[in-house]
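Below is one structure, written out as C-alpha cells; comments come after it.
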Amino acid sequence: MSRTSDTIRSVSSEAEESTPLFPVVPPECQDLPPHHDHCLGCGPANPHGHQLSVRRDAEGVYARHTFDSRHVGAPAIAHGGAVATVLDDLFGFLLYTVGEPAVTRHLSIDYLSPVLLDTPYIARAHLHSRQGRKLNLRATIEDDHGHMVTTATALFLVVNIDHFFLASQRATSSDVPPTA
C-alpha cells in the first residue's frame, strides 16, 4: 500500500493545523511515513540525516541501512552517536504500531562489534511490554550474515500530542532570557 493521503490520517492541534505531528497509519500499511521531512533519522529532505525507510512486519518494524562517510567515527567505523540516532528513530517508528505519541525517557545501547561504514545492515525493533504509559522497547542491528552488532533497549513514555506544541512554545517563549 502506498503512502497516500487517503491511507494516512494526521492528528494535529488547532494551533498547528498544517503540521501533521502524528500520522495514524492503518495496520495493513507496511511502509511507514517519515516523522517529518527534516527528521535526522528518517527525513527525506535532511541531507545530513540517515533517511531511514521503515516498514512494519508481524514483530514490529525494520529498516535496511548503510552508514556512510557522513557517519564516520573511527576510520571505517560508524560513530556511536550515529548508531544511536538510527536506533532511537527506529523506536520512534514503533509508535505507529502503538497508535500513540511517546518520547524517549531512556535509551541503552550495547555495541557488540564495530558498525562498519559502507556495509548493509538490518535494524529491527519491537514493543517488548507496556505498563500504562511506559513502553519497553527492544532493537537489534545485524549484518547481512545475521551477525548481531548492536542491541538496544529503551523506555518511551506515552504523552499527549500537545506535549510537542508546549515544548515548542516554551522554546520560543518571551520568558527565556536573552543571551549575551
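Rounded to the nearest Hz, the phi-derived 3J(HN,Hα) couplings of region 60-76 under the Karplus curve 6.51 cos²θ - 1.76 cosθ + 1.60 (θ = phi - 60°) are x, 9, 8, 8, 8, 8, 10, 6, 10, 4, 5, 10, 5, x, 6, x, 6, where x marks glycine and proline.
Where only protein heavy atoms count, and the probe is 1.4 Å, what is the accessible area per residue for region 31-170 in Å²? Kindly include the intermediate steps, with their values, before the conclusion.
Numbers: 6960 Å² over 140 residues.
Computed with neighbouring chains in place, this is 50 Å² per residue.
By accessible area, using a 1.4 Å probe on protein heavy atoms only, region 31-170 has 53% of its surface on carbon and sulfur. With the simple model of a label 7 Å out from the Cα in the direction of the Cβ, Ala76 to Ile161 spans 4.9 nm.
Taking all protein chains together and a 1.4 Å probe, the residues Asp162, Asp68 rank Asp162, Asp68 from largest to smallest accessible area. Taking the Cα centre of region 31-170 as reference, the dipole from Cβ charges on Lys and Arg (+1) and Asp and Glu (-1) amounts to some 500 debye.
The values are calculated or read from the model by the stated rules, or taken from the named source; none is laboratory data. This one's a predicted model, so the numbers in the text were calculated from it and none came from an experiment. Positions of Cβ are generated from backbone atoms using ideal geometry, with glycine treated the same way; all protein chains shown enter the neighbour counts. Calculation scope for accessible area: heavy atoms of the full protein, side chains included, ligands and nucleic acids excluded. Shrake-Rupley method; radii C 1.70, N 1.55, O 1.52, S 1.80 Å.
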